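Data block below; observations after.
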Amino acid sequence: MKHLLVAVFLMWGAFAWAEDASNVRITQSDGSVEIRRSGAQDWKPAKEGDVLDRGDRLAARDKSGALLFWSNGSMVKLYPNTEIELAGVSFDLEKKMEKTILDLHKGRLFIKAQVPEHLFSEFQVRMGALNVRTQGAEFAINHDPDKKSFTAWSVIGRLVIDVGTDRLRIDDGQQVTITAGAKPAQDAVKPMDDKIKQSLAKVSKDLGGSLLAEESAGAAGGKLAAKIGGVANRRGNAPYKVNFKAVVGGGSGKLKSIAWDFGDGESASTKEAEHTFTQGLYVVILRVEDENGEKASAQTGISVEADCGC
């Protein structure tokens with residue numbers, strides 16, 4: 001638990017102004033966890049604090065586990081008998097996007113693919129000819145290399161699975177099993193088993209707060225606070241319709257005004273607002289004022305592309 005608290009503290013402290021790709025660091029190592037550096041032949045014991053570079057492999061052996069932390073916010077938990085390779089982490093400053101590629105050679109992962117709201121994310125897990133990617137999600141994935149198959153469970157957010165020219169989408173509370181060579185169909189996506197859903201929700205909670213879950217801003221009293229809710233995906237294809245919701249707490253409990261600035265010259269003044277964006281990168285700002293004149297604001301980024309593959 002101590003290591004998780006440290007990781008969460010570092011995670012929130014890193015969100016101020018990220019202008020580079022994340023460092024990927026081992027923040028927890030239990031049992032026999034080994035690392036093989038890029039170009040090396042031998043495995044060596046991994047320790048907490050080790051930084052993974054491109055091409056490094058990490059393996060959690062029998063009855064062992066590890067936790068990785070991306071300095072821009074993502075987290076990956078390795079279960080026993082799991083082996084991964086960090087294929088790369090890059091950052092596109094113009095698009096404000098961090099892209100991570102992990103190769104999962106075998107085993108099971110729980111992934112919090114998340115970045116702060118002023119950045120965007122593309123997180124991809126490759127398993128040979130099979131791959132899963134997301135612009136932000138909390139999900140688990142289990143890969144059986146002998147059967148050349150994987151099962152993915154989405155707790156929060158959308159997963160996109162590309163198999164050849166076919167594409168599947170898995171949303172909150174859904175799961176799917178895919179086998180290499182088989183033609184996937186959207187009807188293969190099923191509701192997640194309740195026991196699995198509860199188990200994965202506990203894993204998420206144990207790892208710390210989520211940047212993806214919509215949380216209440218709190219009751220009246222204390223400092224006025226505002227958050228932007230309702231946004232399921234912050235990237236989409238042009239034209240892109242997005243639903244926003246002002247999540248407000250604290251202050252007097254009664255609002256005098258709500259103002260949305262969508263970053264394209266358009267605005268709104270309702271608690272819930274719908275807006276359609278054309279291609280481009282936008283900063284959406286929410287400003288609120290209560291009846292006592294106390295003010296608060298929040299902002300989030302929206303990226304609209306010709307084809308984001310989302």
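Here are the numbers:
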{"read-out": "Evaluation of residue 162 against (1) out of contact with any Asp or Glu (no Cβ under 9 Å at 6 or more places or on another chain); (2) assigned by TED's automatic domain parsing to the domain that holds residue 285 (one fails), failing number", "value": "(2)"}
{"read-out": "Test result for residue 297, small (Gly, Ala, Ser), in a strand (DSSP E or B), more than 19 Å from the chain's Cα centre (by Cα) and within 30 Å of residue 94 (Cβ to Cβ)", "value": "yes"}
{"read-out": "Qualifying residues in segment 121-166 (those that are under 20 Å from the mean Cα position of the chain (by Cα) and assigned to a loop (DSSP other than H, G, I, E, B)) - the one farthest from residue 96 (Cα to Cα)", "value": "158"}
{"read-out": "Lone unmet requirement of (1) of a type in the set (Lys, Arg); (2) in contact (Cβ under 8 Å) with a residue 12 or more places away in the chain; (3) surrounded by fewer than 18 Cβ atoms within 10 Å (Cβ to Cβ) for residue 235", "value": "(3)"}
{"read-out": "Some residue of segment 79-95 being touching a residue at least 12 places away in the same chain (Cβ under 8 Å), small (Gly, Ala, Ser) and on the phi < 0 side of the Ramachandran plot", "value": "yes"}
{"read-out": "Search result, residues across segment 167-189 that are surrounded by 12 or more Cβ atoms within 10 Å (Cβ to Cβ) and not aliphatic (A, V, I, L, M)", "value": "167, 169, 171, 172, 173, 174, 175, 177, 179, 184"}
{"read-out": "Close pairs from segment 161-175: first touching a residue at least 24 places away in the same chain (Cβ under 8 Å), partner aromatic (Phe, Trp, Tyr), Cβ under 6 Å, at least 6 apart", "value": "175/153"}
{"read-out": "Top-ranked residue in segment 117-132 [being surrounded by fewer than 21 Cβ atoms within 10 Å (Cβ to Cβ) and at pLDDT 95 or above; ranked as farthest from residue 80 (Cα to Cα)]", "value": "124"}
{"read-out": "Residue check, residue 82 more than 16 Å from the chain's Cα centre (by Cα), of a type in the set (S, T, N, Q) and at pLDDT 95 or above", "value": "yes"}
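The values are calculated or read from the model by the stated rules, or taken from the named source; none is laboratory data. Note that the coordinates shown come from a computational prediction; the quantities given were computed from them, not determined experimentally. Note that we place each Cβ from the backbone using ideal geometry, even for glycine, and neighbour counts take in every protein chain shown.
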